[in-house]
Structure formats: structure tokens, C-alpha cells
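One structure is given below, encoded as C-alpha cells.
The values are calculated or read from the model by the stated rules, or taken from the named source; none is laboratory data. Predicted, not measured: the structure shown is a model, and the values here were computed from it. Ideal geometry is used to build each Cβ from the backbone, glycine not excepted, and the neighbour counts take in all protein chains shown.
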Amino acid sequence: MEKKWWHKTVGYQIYPKSFQDTNGDGIGDLKGVIRHLDKIEKLGANVIWLCPVFASPMVDNGYDISDYMDIDPSFGTMEDMKELIAEAKKRGIRILMDLVVNHSSDRHAWFQAALQDPFGKYGKYYVFREGKDGKEPNNWRSIFGGSAWEKVPGYDNLYYLHIFTKEQPDLNWENPELREEIYEMILKWMDLGLGGFRLDAISHLKKNYQYTNLPPDGPDEYNMAFEYFNNVDGLADILCEMKDALTIGEYDHMGPEDVEDVIGENGSFSSVFDFCHTLDNVRNPKWGNTVALFDDYRDQLFAAQKIVDGRGMLCNFLENHDKPRSIDRFLMPEDQNLYSEKMLPVTNFFLPGIVFLYQGQEIGMRDDPKQSIQGFVDKPTFAIYDRLIAEGKTDAEALEQINCESREHSRTPMQWDASAEAGFTTGTPWFPVNKNYTELNYEAEEKDPDSLLWFYRKMVAVRRREDLEETFLYGTLIPEYETVSGVLAYRRKDEKNNVLILTTSLADGITLPFTDTIEEVLLNNYDTCEAGEETIRLQPYQCLVLKVKE
Ligand code: BGC
């Protein structure tokens with residue numbers, strides 16, 4: 001594999017709206033990100049992925065962009081953005097912006113012009129189609145609920161496509177003129193010194209338009225026609241000029257046949273967020289216990305690595321702004337403790353690929369269940385609620401499911417300290433702070449060398465240690481103890497190093513056969529490592545990263 005600067009990425013994702021408010025309006029801003037850059041540097045991250053800060057009516061918290069070349073006033077100004085890029089650079093950190101180009105906002109000037117003249121130049125930037133038999137052109141369901149088509153005001157039988165909310169009309173990537181405009185915009189941003197982009201919903205760019213209805217797959221008349229709008233084709237040409245930039249696609253279910261085109265040597269992207277494990281939640285009745293979920297998670301991680309097979313770099317992560325917090329998602333309440341919380345990120349942190357952490361993950365931020373559906377604010381949450389009710393669930397059952405699965409858990413404001421509103425804002429936060437902040441906050445963990453925060457720093461430092469980094473990046477991956485339930489273990493090996501990563505989700509620990517000779521304990525969530533001549537004992541929820549003899 002040809003070596004690139006971005007292979008060394010230890011990324012930190014920021015959801016700016018919930019990170020740090022500096023002007024008291026209750027909304028996080030760019031100056032807030034600048035304020036905490038030193039902490040991100042101290043954690044050891046060298047790339048920040050900033051969720052969208054472009055001008056937006058905020059129907060989907062910035063994932064609905066109305067001007068790709070402007071910053072939303074709630075986040076600050078273009079000057080703030082330039083300052084952030086420069087201040088980050090001083091600390092050896094590059095900034096990735098979130099490029100949302102599957103769709104724009106319905107307030108974007110292109111869409112406004114398209115509504116005026118759906119058959120003119122800007123109409124071709126979007127997807128307008130005639131309805132059929134007095135209904136939508138087909139019965140695709142939007143990912144956020146309801147029909148994926150919305151009637152064009154002033155027309156009897158004309159619709160536009162939106163696979164997310166109706167305020168997020170899909171852009172027409174078949175149109176070269178649209179592609180050229182987006183390409184120019186990307187280059188303008190790159191000229192400002194960005195490290196690259198995270199590419200939102202990129203696997204949906206290409207659609208396979210079919211105008212025959214599919215069999216309804218729910219109590220509504222729609223079908224979640226994923227296979228018709230979840231596959232990219234032809235994006236490589238658009239992105240080829242960005243080869244030295246880091247581009248990470250949000251890409252659902254990459255198959256073995258897609259690897260070369262997507263992340264191979266000449267693929268469309270540097271890397272992709274692979275979602276194989278992110279749908280799991282231990283509280284889902286399908287699991288019901290931590291070990292069962294971990295065993296499945298292990299199998300999925302190794303299967304994804306097998307698919308890639310050294311042909312490119314996956315992006316390994318546990319949390320993002322679309323998922324509940326990892327401690328609540330992976331560990332049953334009885335298994336949650338400081339040992340298991342430290343063990344959890346080690347499971348995938350040393351696998352081949354680049355890595356990303358999400359704000360608050362480093363201090364172990366948790367889900368924040370709501371007492372009623374009114375406690376939520378995200379549009380799709382209400383669509384899910386309506387669907388569950390339509391399926392016959394009671395209010396309490398629907399709320400329980402949403403409390404388990406909601407992406408809003410990861411959007412509560414960052415917990416900086418024990419002062420009012422966790423130090424996030426001097427005003428009223430746009431979304432309530434999790435009440436556990438008086439105990440669980442950055443400042444408290446900073447003062448405690450045994451805290452999760454300090455452990456995350458050590459973990460990053462091991463991965464970036466000069467004499468080990470190449471092994472973690474390019475060394476062979478050898479899964480270990482694959483058939484032992486409750487153990488997730490692997491080896492990374494090259495001519496310089498042999499590193500064994502051992503983790504267990506077992507509440508009683510386990511003794512394993514062991515023939516390696518330990519040279520150095522690189523990381524341990526206990527004070528002791530109980531290795532003997534022929535066995536090693538893993539204590540409850542222990543994780544070990546061991547440099548062993550070649
Ligand atoms: C983002 C979501 C967003 C959606 C629509 C994604 O997958 O991560 O937060 O709502 O795209 O842009």
C-alpha cells in the first residue's frame with residue numbers, strides 16, 4: 001500500500017452545536033472549538049472532523065445546507081473558520097469539513113430557482129418527476145419516514161425526491177453541470193487549507209430510478225427501497241483531484257466487489273466509515289447480554305477486515321452523532337464499570353485502518369433517556385415514534401425503543417465541568433445537558449490519573465508511538481482465540497514488532513493458553529498482568545496490549 005500522510009489519522013469528531021458555546025446563545029460555536037484545541041492535542045488526535053457548520057436553516061442540524069460557501073451565523077463567521085484552521089495547524093491538527101452533497105437544503109438558491117422553473121437549468125440540479133395515478137412517482141419511503149417524494153407547490157402532478165426530510169431535496173448527480181459546481185466548491189474549500197472532507201450519505205448519490213411500486217414493507221404503503229438508492233457509481237472522477245486530501249465516505253455495507261473502487265489504491269475515497277457493527281444495541285431483546293453482543297461484534301469486525309484484505313483503510317470507530325453512546329450500546333448496566341469502559345475502545349483501536357473518537361467518548365458520556373417523546377427535538381425521532389405507534393406499539397413501548405436507539409443521546413452538550421450547564425454555555429442550552437454532569441465531566445477526570453480520559457490518552461499514545469505506529473498501520477492482522485466466547489483478541493505483526501491485543505467482556509475473566517514471551521505491557525486497565533509459562537489470566541473485563549517477542 002502506498003503510504004499517505006492521512007494513514008496516521010487519529011481523528012476526533014466534533015458536533016459543534018453541542019461542543020462549546022462562547023456567546024451565551026446556548027448553541028456551540030467555532031470559537032468554542034478553538035477554545036478546546038489544546039485538549040484535543042493533548043488527547044493525541046491529529047485530525048478533527050467537524051460536523052456541518054455551513055449556512056443552514058437547521059432542519060437537520062446543518063445537514064441541510066443553504067450556502068456551501070458560508071458559515072452559519074449561529075456557529076460564527078468565515079473568519080472564525082479560517083482561525084480554526086490556522087490554530088489547529090499550529091497544533092499539528094488538520095480539519096475535515098462535512099460535505100453534504102447528496103442533497104441541499106430546500107432554502108438553497110438552486111432549489112428556490114428550481115421551484116420557480118422545474119424544467120429549467122436548476123430544475124435539472126434536482127430530481128423532479130411526474131406522479132402516477134394521482135400519487136407519487138413510486139412508493140419509496142424516505143429514510144426519515146413518509147414518502148420520499150414531495151409535491152411541488154403550484155403543480156398538480158409534479159414531485160421532487162428527498163430520501164431524507166422534505167427540506168433536504170436530493171441533488172441530481174447525473175447532471176454534469178451540478179457536478180462541476182460542487183467540484184469547484186470543494187476546491188475553494190481545499191484552498192483554505194482544509195485536510196479534507198467527511199462525505200455525508202455518499203453511498204446514496206447514485207439512484208436506480210424505477211417507477212413501478214414495490215410491495216409495501218410496513219403499515220404505510222411505502223417500501224424502504226434501499227437497494228435503489230444505496231450505491232455509488234462514477235464518483236471516482238469527481239474526487240480524483242483530491243487524492244492528497246483525506247476523504248472519508250459514509251458508506252453503508254461495502255461488499256468485497258466494491259473495495260477496489262471505493263477505497264482501493266485508485267478508489268473514490270481515502271477511507272470509509274463502515275457501519276457493520278453500529279446497528280447493534282445490547283438492550284435490543286435480540287442480545288440481552290453483553291457477551292453475546294461482543295461475540296457477534298468481534299465476528300463482524302474481523303469479517304469487515306477480511307473483505308478489505310489490506311486493499312485499503314477502513315475507518316474504525318465506536319461512536320458518532322447518529323448513534324447512542326457506546327457504553328450504553330455495548331454493555332448491559334451490570335457490566336458497566338471503569339474496567340469495561342476502558343476495555344471497550346481497545347477492541348477496535350489497533351485494527352488496520354484509521355481511527356475516530358467522538359466528542360465526550362473520551363470521558364465516557366452516557367445516554368440521556370427522556371421521560372416523554374416531547375423531550376426529543378430531532379425530526380426523524382418523531383417519524384420513528386409515529387411509525388411505532390402505527391405498528392401498534394403503546395406510547396410507553398415506543399418511548400422505550402426510542403430511548404434505546406435514539407441518535408439524540410450523542411447530541412447532549414459536552415460536559416466540561418460541574419458548574420451550571422456543565423460549562424457548556426452561560427445561557428440556556430439548545431438541548432438539555434445530561435444531569436449526570438456534576439459527577440461525570442472533563443475537569444473531574446483531568447484531576448484523576450485513573451480516569452477514562454487518562455486511559456484514552458495512553459491508548460492514543462501507544463498507537464502513535466514512533467516505534468510501533470507502522471506495525472499498527474501496515475502490519476498483518478492475525479485474529480486470536482476466535483472461537484472463545486467473551487474474548488476479542490488479535491495480533492499485529494511485521495518484521496519489527498509483534499503486538500498482541502487481548503480483551504474480554506467476561507464478568508469473571510478467563511484463563512487462556514499462552515505461549516508468547518512478553519517484552520513490554522503497553523496498555524493495561526489493571527495494575528497487574530497475570531501471565532504464566534503456559535497460560536494468561538484475563539481479569540474481569542481486562543484489556544491488555546502486549547509487545548511480545550517476535
Ligand atoms: C448524517 C446524519 C444526517 C443525514 C442526512 C447522515 O447520514 O450523518 O446526521 O441526518 O446524513 O444528511
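Hey, among the residues in the stretch 399-435 that are of a type in the set (A, V, I, L, M) and surrounded by fewer than 19 Cβ atoms within 10 Å (Cβ to Cβ), which one's nearest to ASP25 (Cα to Cα)? Step through it out loud before you land on a result.
Restricting attention to the stretch 399-435, the residues satisfying the condition of being of a type in the set (A, V, I, L, M) are 399, 402, 414, 418, 420, 422, 433.
After this cut, where a residue has to be surrounded by fewer than 19 Cβ atoms within 10 Å (Cβ to Cβ) as well, the list is 418, 420.
Details: ALA418: 20, ALA420: 15 Å.
Top of the filtered list is ALA420.
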request  = Determine if the stretch 303-317 includes at least one residue that is in contact (Cβ under 8 Å) with a residue 60 or more places away in the chain and more than 28 Å from LYS3 (Cβ to Cβ).
outcome  = no
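Here are ALA444, ALA422, ALA461: which of them is of a type in the set (Gly, Ala, Ser), at pLDDT 95 or above, closer than 29 Å to THR347 by Cβ and touching a Gly at 6+ places or on another chain (Cβ under 8 Å)?
Values: ALA444 fails: touching a Gly at 6+ places or on another chain (Cβ under 8 Å); ALA422 fails: touching a Gly at 6+ places or on another chain (Cβ under 8 Å).
Sole residue among the options that is of a type in the set (Gly, Ala, Ser), at pLDDT 95 or above, closer than 29 Å to THR347 by Cβ and touching a Gly at 6+ places or on another chain (Cβ under 8 Å): ALA461.
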key: Hits in the stretch 137-159 - residues which are among the hydroxyl-bearing types (Ser, Thr, Tyr) and more than 16 Å from the ligand (Cβ to nearest atom)   = SER147, TYR155, TYR159
task = Take TRP189 and decide whether it is crowded, with 23+ Cβ neighbours inside 10 Å and not polar (S, T, N, Q).
result = no
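This table checks each residue for (1) of a type in the set (Phe, Trp, Tyr); (2) in contact with a Pro (Cβ under 7 Å, 6 or more places away or on another chain); (3) buried (at least 21 other Cβ atoms within 10 Å of the Cβ).
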residue	(1), (2), (3)
LYS42	no, no, no
ASN46	no, no, yes
ALA55	no, no, yes
TYR63	yes, yes, yes
ARG91	no, no, no
ILE95	no, no, yes
request  = Name, by its number, the condition in (1) within 16 Å of the ligand (Cβ to nearest atom); (2) at pLDDT below 95 that does not hold for TRP5.
outcome  = (1)
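Just checking, how many residues over the stretch 6-35 are touching a residue at least 60 places away in the same chain (Cβ under 8 Å) and out of contact with any Leu (no Cβ under 8 Å at 6 or more places or on another chain)? Write out each step before concluding.
Residues of the stretch 6-35 that are touching a residue at least 60 places away in the same chain (Cβ under 8 Å), as a first pass: 6-15, 17-21, 24-28.
Filter once more, keeping what is out of contact with any Leu (no Cβ under 8 Å at 6 or more places or on another chain): 15, 17-21, 24-28.
Going through the stretch 6-35 one residue at a time, the tally reaches 11.
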remark   = Taking the stretch 211-230 and keeping only residues that are of a type in the set (S, T, N, Q) and modelled with pLDDT of 85 or more, one is left with THR212, ASN213, ASN223
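If you go through the stretch 193-216 one residue at a time, how many are in a loop (DSSP other than H, G, I, E, B), away from the ligand (no atom under 15 Å from the Cβ) and in contact (Cβ under 8 Å) with a residue 12 or more places away in the chain? Outline the logic, then answer.
First pass over the stretch 193-216, keeping only residues in a loop (DSSP other than H, G, I, E, B): 193-195, 200-201, 205-216.
Add one more test, that the residue is away from the ligand (no atom under 15 Å from the Cβ), and what stays is 193-195, 206-216.
Adding the requirement that they be in contact (Cβ under 8 Å) with a residue 12 or more places away in the chain leaves 193-195, 206-214, 216.
Residues in the stretch 193-216 being in a loop (DSSP other than H, G, I, E, B), away from the ligand (no atom under 15 Å from the Cβ) and in contact (Cβ under 8 Å) with a residue 12 or more places away in the chain: 13 in total.
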task = Considering (1) under 20 Å from LYS8 (Cα atoms); (2) out of contact with any Phe, Trp or Tyr (no Cβ under 6 Å at 6 or more places or on another chain), say which one PRO449 fails and leave the rest.
result = (1)
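Under 22 Å from ILE143 (Cβ atoms), in contact with a Ser or Thr (Cβ under 9 Å, 6 or more places away or on another chain) and among the hydroxyl-bearing types (Ser, Thr, Tyr): does that describe SER406? Steps first, answer last, please.
Details: under 22 Å from ILE143 (Cβ atoms): yes; in contact with a Ser or Thr (Cβ under 9 Å, 6 or more places away or on another chain): yes; among the hydroxyl-bearing types (Ser, Thr, Tyr): yes.
Spelling it out, SER406 is indeed under 22 Å from ILE143 (Cβ atoms), in contact with a Ser or Thr (Cβ under 9 Å, 6 or more places away or on another chain) and among the hydroxyl-bearing types (Ser, Thr, Tyr).
Taking the stretch 71-127, which residues are part of a strand (DSSP E or B), within 15 Å of the ligand (Cβ to nearest atom) and closer than 20 Å to MET190 by Cβ? Break it down stepwise before answering.
Looking only at the stretch 71-127, we keep the residues that are part of a strand (DSSP E or B), and these are 71, 94-99, 103, 126.
From what is left, the residues that are within 15 Å of the ligand (Cβ to nearest atom) are 96-99, 103.
Residues satisfying the conditions are LEU96, MET97, ASP98, LEU99.
Looking only at residues in the stretch 361-403 that are assigned to a helix (DSSP H, G or I) and within 30 Å of ASP450 (Cβ to Cβ), which one is farthest from the ligand (Cβ to nearest atom)?
Here is the first cut: in the stretch 361-403, the residues assigned to a helix (DSSP H, G or I) are 361-363, 373-375, 379-390, 395-403.
Narrowing the set further to residues that are within 30 Å of ASP450 (Cβ to Cβ) leaves 361-363.
Details: GLN361: 16, GLU362: 20, ILE363: 22 Å.
Filtering the stretch 361-403 for residues that are assigned to a helix (DSSP H, G or I) and within 30 Å of ASP450 (Cβ to Cβ), the one farthest from the ligand (Cβ to nearest atom) comes out as ILE363.
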query = Does LEU301 fit the bill of being within 16 Å of the ligand (Cβ to nearest atom) and aliphatic (A, V, I, L, M)?
reply = no
message = The conditions are (1) more than 16 Å from the ligand (Cβ to nearest atom); (2) surrounded by fewer than 20 Cβ atoms within 10 Å (Cβ to Cβ), and PRO345 fails exactly one of them. Which is it?
response = (2)
message = Checking the conditions here, which among ILE327, ILE354 is in contact (Cβ under 8 Å) with a residue 60 or more places away in the chain, among the β-branched types (Val, Ile, Thr) and more than 16 Å from the ligand (Cβ to nearest atom)?
response = ILE354
request  = Take the stretch 35-66 and flag every residue that is away from the ligand (no atom under 16 Å from the Cβ), more than 17 Å from the chain's Cα centre (by Cα) and outside any loop (DSSP other than H, G, I, E, B).
outcome  = ARG35, LEU37, ASP38, LYS39, ILE40, GLU41, LYS42, LEU43
key: Residue within the stretch 14-22 that is more than 17 Å from TRP416 (Cβ to Cβ) and either modelled with pLDDT of 95 or more or in a loop (DSSP other than H, G, I, E, B) (or both) present   = no
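Residues checked against (1) among the charged types (D, E, K, R); (2) more than 30 Å from ASN230 (Cβ to Cβ):
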site: SER74; (1), (2): no, yes
site: MET78; (1), (2): no, yes
site: LYS90; (1), (2): yes, yes
site: ARG94; (1), (2): yes, no
site: ARG107; (1), (2): yes, no
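Residues in the stretch 256-266: is at least one in contact with a Ser or Thr (Cβ under 9 Å, 6 or more places away or on another chain) and at pLDDT below 85?
No; the residues of the stretch 256-266 include none that is in contact with a Ser or Thr (Cβ under 9 Å, 6 or more places away or on another chain) and at pLDDT below 85.
Within the stretch 478-538, considering only strands (runs of 3 or more DSSP E) that don't extend past its boundaries, which have at least 3 residues that are under 27 Å from the mean Cα position of the chain (by Cα) and surrounded by 14 or more Cβ atoms within 10 Å (Cβ to Cβ)? Break it down stepwise before answering.
Numbers: elements: 487-493, 498-504, 510-513, 518-524, 535-538.
Counting at least 3 such residues, we get 487-493, 498-504.
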